[in-house]
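Worksheet: the structure to be examined is printed underneath.
Computed from the coordinates by the stated procedures, all read-outs in this text should not be read as laboratory data. As the structure is a computational prediction, the values presented were derived from the model and not from experiment. Positions of Cβ are backbone-derived with ideal geometry, glycine not excepted, and every protein chain shown enters the neighbour counts.
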Amino acid sequence: MLRVEGFPRLVASLLLGRVAGQMLSVGLVLFVLSRYHSPQLAGAAVFLVTFPGLLVSPVAGALLDRYGRTGLVSVDYLVAAATMFALAALSTAHALPAWLLLVICGLSSVTGPLGIGGARSLVPSIVPNHLWERANAFDSSSDVLATIIGAPLAGILVGFVGAEWALTVAAVLFAGAGAVMLTVRDRGFLPQGGRLLTEAWSGLVYVLRNRTLVGLALTFFAFSVGWGCMVIAIPVLVLGRLHQGPAAVGYMWGLVGVAGLVAMLFAGRIRTRGRERWLMAVSIVAMAAVMAVVPLAGSVFVVGAALVVIALVETPFDISFLTLRQRRSDPARFGRVFAVSVSLNMLGGPVGSAIAGPLIAWSLNGAVWIAAACTAAAALFPILVIPARDEHD
């Protein structure tokens, strides 16, 4: 994979951006919990840092197909850097009321589909299709490696020097990711013409008429609702019930990343063609079963072990999901398809985080069990909605 032209620089940029993203996802929750002592506000902040941008994903996809992916991915990284610097600076100056925190989080999300959709669509554009499984494993490995680095780093910085430093370091990494992305040459890019809004609408219609992409969106929505709830519930469980510090939260997510990285290195050689739907369904059921054990944990070690098992059994789901989406999408529409598809897939995460606060206020155990139930429900869609074969197979 390292001999594929442009792929090492792409992975380097994605790794920097994803480390920063992991620091943001962990650091933002810890920042809000430490400064405002409110799980509800933490859930709202995580919701707004993702959701508003998803609403403009069709336009983002059209922009990616018209103006090129690497430059617009860099724009997203630089916007993320600027907004994280703003949060850190305003908090340090004691000038960050809760409403302004939420406004800045919402603004930071607007360019999100450019980065997420553009980055995912670059992989099949740069890499030959016979290497897609390995490229996706490599891509997902960088994602979990980012968890190994970013989550503990965020926890350590919050615990020892303050949450503002965690946001500042994340901003620096976002800026570095944007600079590296500008050096990547997208050899598969062919500029698309037509009116911007017309092209945006055509991308949305294409996704909604593609049963595979709709089935993947429904699968990931239900799965992400559960996981979005867990992102808030786990820190509350570790900091509150188990009386650990912010660093413990970071170490725990880092351990999850280690497990996922090891699993990805082995799973990348699995040939998924024709087996994607069942691999996804079985993997999801296994994750839900382990999630249901988390409320019964009496120590941080049991919680950590449960999360490690979840990371291990999630691997077949990730690779099957990514490869099936690539195989059943029109390469000429990769920018629009991936921006819209990824955004639809991600809708569940901010929804899960938003409802996590009220659920946790009602019952922490109940919140985790509801997360497990949502995850289990996701296993139905690969079998019932996604066709066994389509015209691209």
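So what's the net charge close to Val158: Lys and Arg +1, Asp and Glu -1, counting the other residues with Cβ under 13 Å from its Cβ? Spell out each step's value before the answer.
Working: positive: Arg35; negative: Glu164.
After counting each charged neighbour, the total is 0.
Taking the Cβ of Leu182 as the center, what net charge do the other residues with Cβ under 12 Å away carry, scoring Lys and Arg +1 and Asp and Glu -1? The partial results should precede the final answer.
Values: positive: Arg9, Arg69, Arg185; negative: Asp186.
In short, +2.
Using the beta-carbon distance between Val110 and Arg185 and R0 = 35 Å, what value does 1/(1 + (r/R0)^6) give for FRET efficiency, to the nearest 0.05? If you can, show how the numbers build up before the last one.
Working: r = 27 Å, r/R0 = 0.76.
FRET efficiency, Val110 to Arg185: 0.85.
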Most mobile listed residue (Gly43, Gly257, Gly71) in the chain, GNM with C-alpha springs under 10 Å: Gly71
Residue with peak Gaussian network fluctuation, the chain [Cα springs, cutoff 10 Å], from Gln244, Gln22, Gln326: Gln244
Whole-angstrom gap from region 3-82 to region 202-232, using each part's C-alpha centre: 18 Å
Separation of the Tyr67 and Leu55 label points, Cα + 7 Å toward Cβ, nm: 2.1 nm
Distance (nanometres) between label positions extended 7 Å along Cα→Cβ at Leu380 and Thr198: 4.1 nm
The chain - percent relative contact order, Cα under 8 Å, separation 6 or more: 30 percent
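With +1 on each Lys and Arg Cβ and -1 on each Asp and Glu Cβ, how big is the dipole of the chain about its Cα centre, in debye rounded to the nearest 20? Display every interim value, and only then the final one.
Working: 25 positive and 16 negative charges, 130 e Å.
Dipole magnitude for the chain comes out near 620 debye.
Return the calculated 222 nm mean residue ellipticity for the chain, to the nearest 500 deg cm²/dmol, obtained by summing -39500 (n - 2.57) across DSSP H runs with n ≥ 4 and dividing by the residue count.
On the way: 18 runs with 308 residues, N = 393.
When only DSSP H runs of four or more count, the value is -26500 deg cm²/dmol.
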Axial C-alpha extent at least 30 Å, average Kyte-Doolittle at least 1.0 - helices from the chain (DSSP): 7-36, 69-92, 211-236, 246-267, 300-327
P(r) of the chain over all Cα-Cα pairs, binned every 20 Å from zero, in whole percent: 30, 62, 9
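Per 0.36 nm of contour for each residue apart, how much would the distance between Arg211 and Val258 grow if the chain were fully extended, relative to their Cα-Cα spacing? Intermediate results must be reported in sequence, preceding the final value.
On the way: separation 47, 0.36 × 47 = 16.92 nm, distance 3.42 nm.
Extending this stretch completely gives an extra 13.5 nm.
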